[in-house]
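Colleague: Got a structure for you, questions after.
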Amino acid sequence: MSRKKRRKAMIFLTVSVLALSFPGCGKKENTSDRTLRVGIVTYTQDDPFINTMTEQIREDLKLKESKDMKILVSVKNGDNDQRDQDELVEEMIAAGCDVLCVNLVDRTAPSDIIKAARQEKIPVIFFNREPVKEDLMQWDQLYYVGCDAKQSGEMQGEIAADYLKAHPGADKNQDGKIQYVLLEGEAGHQDAISRTDCSVKTLIENGIELEKLSYQFADWNRGQAENRMSQLIDHYGTEIELVISNNDEMALGAVEAYKNAGYSQEQRPVIFGIDGLEDALEAVKEGTMQGTVYNDNVDQAGEIARLAVDLFKGNDISKHKLKDGRYYMSLYRKVETGNVDEFLEK
């Protein structure tokens, strides 16, 4: 079967599934239909942070059901292809979706989604991957829920600098410089650029002299990061004193690479991530990672659920205190050995 035919078959299947997920599709009679249909479309099914957040949104929406309002949720992913994601959104709209929650594949290409939603007057809550401001301002029913990537990079740099100052032995060759490698999410991705630039800049501003050995793109993925890191270990050996990773998944890939290479904890570099995934929190507690930055997906999911319900009911959303009437920005928090138990208890 050709790719085009496979694509059409998938579209037909998706429309059929969505029709079942959203019974009564196409019948949006506000006086009698008190069913809120929420469509969630993520960029991939392979991102643990996004998957956790999506499930949290689903749970929070379920808690908002009442005798007067039922909530149906359908979750799909764009398989890392913006065109596929655009088509899924159109299918959700055709199936009777009332509010869309979209985690963009390409933050610079939301135009087709915005056009389709605006045509049918369906609000869109973008999350985690922030659209360009000019795009978000195209229509007054477009919103963004997420965090400031710059803040996460700054915090990562601060906890790394604090650790290095408190542990002079991290400079294994005692040359007064920290030799480091970077594991970056995606080439050209806003969060990857901000996290990388701000982390390195903050380390330098805090008096840490750095020498970059290499940087590798690993698409936010643990397995890819493990492969990239294994290659770096083969090339640089114990020269690497610091690993800065744009997210926890890649940081955990680095941990696994050192484990597989047979390095003792004393021989390994210090490793820092971002997101606060449970596996990463456990790694910080065990000492195989030295820190991370907690990305509060519980707070963000709660805001998405509250906003979706208020938009559906036509409630005044001024209580959400959105910046510029569009943005809800959750705050990051530093995670180190001294406070990791607090986050594990969550």
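The values are calculated or read from the model by the stated rules, or taken from the named source; none is laboratory data. Just so it is clear, the structure is predicted and the values come from calculations on it, not from any experiment. FYI the Cβ positions are ideal-geometry reconstructions off the backbone, even for glycines, and counts take in every protein chain you see. Remember, those area values only see protein heavy atoms, side chains included, never the ligands or the DNA or RNA. Shrake-Rupley method; radii C 1.70, N 1.55, O 1.52, S 1.80 Å.
Colleague: Any residue at all in segment 151-158 that's under 16 Å from the mean Cα position of the chain (by Cα), open to solvent by 50 Å² or more (accessible area, probe 1.4 Å) and not acidic (Asp, Glu)?
Modeller: Looking for residues that are under 16 Å from the mean Cα position of the chain (by Cα), open to solvent by 50 Å² or more (accessible area, probe 1.4 Å) and not acidic (Asp, Glu), one finds none in segment 151-158, hence no.
Colleague: So LEU232 ticks every box in (1) in a helix (DSSP H, G or I); (2) out of contact with any strand residue (DSSP E or B) (no Cβ under 6 Å at 6 or more places or on another chain); (3) free of Cβ contacts under 8 Å to residues at least 60 places away in the same chain but one. Which box is left unticked?
Modeller: The number of the failed condition is (2).
Colleague: Name the residue, out of GLY253, GLY207, GLY223, that is more than 19 Å from GLY157 (Cα to Cα), open to solvent by less than 70 Å² (accessible area, probe 1.4 Å) and touching a residue at least 40 places away in the same chain (Cβ under 8 Å).
Modeller: Criteria check complete, one pass: GLY253.
Colleague: Within segment 32-84, restricting attention to residues that are open to solvent by 10 Å² or more (accessible area, probe 1.4 Å) and small (Gly, Ala, Ser), which residue is modelled with the lowest pLDDT?
Modeller: Checked segment 32-84; the qualifying residue modelled with the lowest pLDDT is SER32.
Colleague: Going by the structure shown, is LYS150 touching a helix residue (DSSP H, G or I) at 6+ places or on another chain (Cβ under 8 Å), within 28 Å of GLU303 (Cα to Cα), of a type outside the set (S, T, N, Q) and in a helix (DSSP H, G or I)?
Modeller: Yes.
Colleague: Same structure, new question: From GLY237, GLY291, grab the single residue that is of a type outside the set (Asp, Glu) and under 22 Å from LYS346 (Cα atoms). Can you show your working first?
Modeller: Working: GLY237 fails: under 22 Å from LYS346 (Cα atoms).
The match here is GLY291.
Colleague: Is there any pair with a first residue in segment 166-189 that is in a loop (DSSP other than H, G, I, E, B) and a second that is open to solvent by less than 10 Å² (accessible area, probe 1.4 Å) and modelled with pLDDT of 95 or more whose Cβ atoms are under 6 Å apart and which are 6 or more apart or on different chains, and what are they?
Modeller: Final answer for the pair search is LYS172/GLU241; GLY185/ASN246.
Colleague: While we're here: Just name the residue that is farthest from PHE49 (Cα to Cα) out of those in segment 74-99 that are in a loop (DSSP other than H, G, I, E, B) and acidic (Asp, Glu).
Modeller: ASP98
Colleague: Step by step: first the residues of segment 321-346, then only those that are outside any strand (DSSP E or B) and of a type in the set (Val, Ile, Thr), then the one that is surrounded by the fewest Cβ atoms within 10 Å (Cβ to Cβ). Which residue is that? Steps first, answer last, please.
Modeller: Our first condition is that a residue be outside any strand (DSSP E or B); within segment 321-346, this holds for 321-322, 324-326, 331-332, 336-346.
Pick out the ones that are also of a type in the set (Val, Ile, Thr) and you get 337, 340.
Values: THR337: 14, VAL340: 22.
Out of the qualifying residues, it is THR337.
Colleague: Follow-up question, since we're still on this one. Restricting segment 85-117 to residues that are closer than 24 Å to LYS70 by Cα and open to solvent by 40 Å² or more (accessible area, probe 1.4 Å), which is nearest to the chain's Cα centre (by Cα)?
Modeller: Among those residues, the one meeting the criterion is GLU90.
Colleague: Also, I was wondering about something else. Out of (1) free of Cβ contacts under 8 Å to residues at least 12 places away in the same chain; (2) farther than 19 Å from TYR180 by Cβ, the odd one out for ASP279 is which?
Modeller: Every listed condition holds for ASP279 apart from (1).
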